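Student: Handing you this structure, nothing more for now.
Just so it is clear, none of the values below were taken in a lab; they were calculated from the coordinates. Predicted, not measured: the structure shown is a model, and the values here were computed from it. Backbone-built Cβ (ideal geometry, glycine too); neighbour counts: all protein chains shown.
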Amino acid sequence: MATDELLDTVDADSSALNSYTPSLKATVAYGNVACKSDAQVAAKALETAMFGAYYDVTVNLKDVADDAFRRATQKRVTASLQEAKDRAAVVLNAADKTN
């Protein structure tokens, strides 16, 4: 089913965001201040990837007949999107605290 493939994409995007967040936060906290904007843009780009995955899944869910699956999947992608927003905010907040 195509929705399962989209969920795999959401999981991959979420995993990438999770793995990059500590490095981006460290870059803005301890790295060259000239790299600060690069880390900020990277955090927002990763968040944007999650928005794309979220909307891809949401658009396709309207065609899924299984109501329980549709609700569970919507809950899952909504949680992943919120996590992406939260992780991007961690990086952006860390950047705001640097000179």
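Student: Given the peptides 58-70, 81-93, arrange them by the average over their residues of other C-beta atoms within 10 Å, most packed first. Can you show the working numbers first?
Tutor: Values: 58-70: 11.7, 81-93: 17.4.
The packing order, highest mean first, is 81-93, 58-70.
Student: Work through the residues other than LYS75 whose Cβ is under 13 Å from its Cβ and net out their charges, Lys, Arg +1 and Asp, Glu -1. Mind showing how you got there, number by number?
Tutor: On the way: positive: ARG70, ARG71, ARG76; negative: ASP67, GLU83.
Charge balance near LYS75 sits at +1.
Student: Something else: Around VAL90, what is the net charge, scoring Lys/Arg as +1 and Asp/Glu as -1 over all other residues with Cβ under 12 Å from its Cβ? Numbers along the way, then the final one.
Tutor: Details: positive: LYS25, LYS85, ARG87, LYS97; negative: GLU47, GLU83, ASP86, ASP96.
With Lys, Arg at +1 and Asp, Glu at -1, the net is 0.
Student: Also, I was wondering about something else. Using R₀ = 30 Å, calculate the FRET efficiency as 1/(1 + (r/R₀)^6) where r is the Cβ-Cβ separation of ALA89 and LEU61; round to 0.05.
Tutor: On the way: r = 26 Å, r/R0 = 0.88.
So, using R0 = 30 Å, E works out to roughly 0.70.
Student: A further question on this structure: Based on the Cα gyration tensor of segment 2-96, what are the three equivalent ellipsoid semi-axes, each the root of five times an eigenvalue, rounded to whole Å and given largest first?
Tutor: Working: eigenvalues 195, 20, 17 Å².
Square roots of five times the eigenvalues give 31, 10, 9 Å.
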